[in-house]
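To start, I am sharing the structure in question, which I have written as structure tokens.
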């Protein structure tokens, strides 16, 4: 009885675990190299532009006008300087997130991982230097090959970093990036059905669809997506999650799993989320942290005690969503 009651509270609260809407999006499209890759890069770029329009973000694109002809034209401007200069001109503080999205190939020569741009490439170390001044929330997505070193290089407080690969040696063409681009605005990727798709939900959905591609085509998977949102630079594999629930633990006790912050951020917030005040949002996030902490103790608690404490937290959450700012 009480379990059904708690499920009802969870559903009626329509828990919207996101941060405030708005922000900026930088979309970088790399050099396709071969013409076969131009179409998927363009599809991925278009999906991000459509999603940023829906989200009301201030979007800036670099390299999005690349064609097979322009890539071969020696008079076409390089992208490296444009990327560096654009980042240098952006506000580094504030609450509005900056999304940095790379669509393209990654390269790794055994020592250095780079973004494969038109003109000189950009290394993970260079991008780390350009992003070092930023204290505002950031979501960084490298959906290409050999992307894992960028997770370690760009990880930090207040950041979510997602890569298509788990190590630099996964150098084959990566399909995760396109699937993630479509997932961030796709209601079907809303696993908990709260009216919006969080970064974590998009990550899990896109990675599972990528894995399904390899299974259906009877091919060995050459990419394994990672997510880092706790700043430790290690990343958590997609298959550690069942939906948005973490189902595996690290072998090392000192390693904290990721997902808590990515669960809180959606590119396109629900109406319920947009209607929350900052104070309500802060209270909601605190209660959600308490719920997760309680769930981690379930095995050590008596069932009645566990569900009684859970009921109290869900009732408090429900009141947040049924109380308007005017009240």
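For residues that are within 10 Å of the chain's Cα centre (by Cα) and more than 16 Å from residue 40 (Cα to Cα), tally how many sit in the stretch 170-225.
Of the residues in that region, 8 qualify.
May I pose another question? Within the stretch 108-119, can one find any residue that is surrounded by fewer than 16 Cβ atoms within 10 Å (Cβ to Cβ), more than 20 Å from residue 64 (Cα to Cα) and in contact with a strand residue (DSSP E or B) (Cβ under 6 Å, 6 or more places away or on another chain)?
Yes, there is a match, as at least one residue in the stretch 108-119 is surrounded by fewer than 16 Cβ atoms within 10 Å (Cβ to Cβ), more than 20 Å from residue 64 (Cα to Cα) and in contact with a strand residue (DSSP E or B) (Cβ under 6 Å, 6 or more places away or on another chain).
Can you name every one of the helices (runs of 4 or more DSSP H) wholly within the stretch 217-327 that holds 3 or more residues which are more than 21 Å from residue 136 (Cα to Cα)?
Ranges flagged: 278-296, 303-322.
Can you tell me how many residues within the stretch 183-192 are surrounded by fewer than 22 Cβ atoms within 10 Å (Cβ to Cβ) and either in contact (Cβ under 8 Å) with a residue 24 or more places away in the chain or in contact with a strand residue (DSSP E or B) (Cβ under 6 Å, 6 or more places away or on another chain) (or both)?
Qualifying residue count, the stretch 183-192: 3.
Test each condition in (1) over 22 Å from residue 37 (Cβ atoms); (2) at pLDDT 95 or above for residue 174 and report the one that comes out false.
(1)
Just the residues that are touching a helix residue (DSSP H, G or I) at 6+ places or on another chain (Cβ under 6 Å), surrounded by 17 or more Cβ atoms within 10 Å (Cβ to Cβ) and over 16 Å from residue 263 (Cα atoms), please, taken from the stretch 205-222.
209, 210
Out of curiosity, is residue 298 under 27 Å from residue 240 (Cβ atoms), surrounded by fewer than 20 Cβ atoms within 10 Å (Cβ to Cβ), touching a helix residue (DSSP H, G or I) at 6+ places or on another chain (Cβ under 9 Å) and in the same structural domain as residue 228 (by TED's automatic domain parsing)?
Criteria not met by residue 298.
From (1) more than 21 Å from residue 60 (Cβ to Cβ); (2) surrounded by fewer than 18 Cβ atoms within 10 Å (Cβ to Cβ); (3) touching a helix residue (DSSP H, G or I) at 6+ places or on another chain (Cβ under 6 Å), pick out the condition that doesn't hold for residue 153.
Going through the list (1) more than 21 Å from residue 60 (Cβ to Cβ); (2) surrounded by fewer than 18 Cβ atoms within 10 Å (Cβ to Cβ); (3) touching a helix residue (DSSP H, G or I) at 6+ places or on another chain (Cβ under 6 Å), residue 153 breaks only (2).
Among 225, 164, which is more than 23 Å from residue 50 (Cα to Cα), crowded, with 18+ Cβ neighbours inside 10 Å and in contact (Cβ under 8 Å) with a residue 60 or more places away in the chain?
The conditions single out 225.
While we're looking at this one, here's another question. I'm trying to understand the selection: among the residues of the stretch 20-71, which are within 30 Å of residue 271 (Cα to Cα) and at pLDDT below 90?
Within the stretch 20-71, 20, 21, 22 qualify.
Among the numbered criteria (1) within 18 Å of residue 185 (Cα to Cα); (2) surrounded by 13 or more Cβ atoms within 10 Å (Cβ to Cβ); (3) modelled with pLDDT under 95, which one does residue 140 miss?
If we test residue 140 against (1) within 18 Å of residue 185 (Cα to Cα); (2) surrounded by 13 or more Cβ atoms within 10 Å (Cβ to Cβ); (3) modelled with pLDDT under 95, just (3) comes out false.
What single numbered condition from (1) surrounded by 20 or more Cβ atoms within 10 Å (Cβ to Cβ); (2) not assigned by TED's automatic domain parsing to the domain that holds residue 312 fails to hold for residue 284?
The one condition residue 284 does not meet is (2).
The values are calculated or read from the model by the stated rules, or taken from the named source; none is laboratory data. Bear in mind the structure is a predicted one, so any value in this text is a computation, not a measurement. Cβ coordinates were reconstructed from backbone atoms using ideal geometry, including for glycine residues, and neighbour counts include every protein chain displayed.
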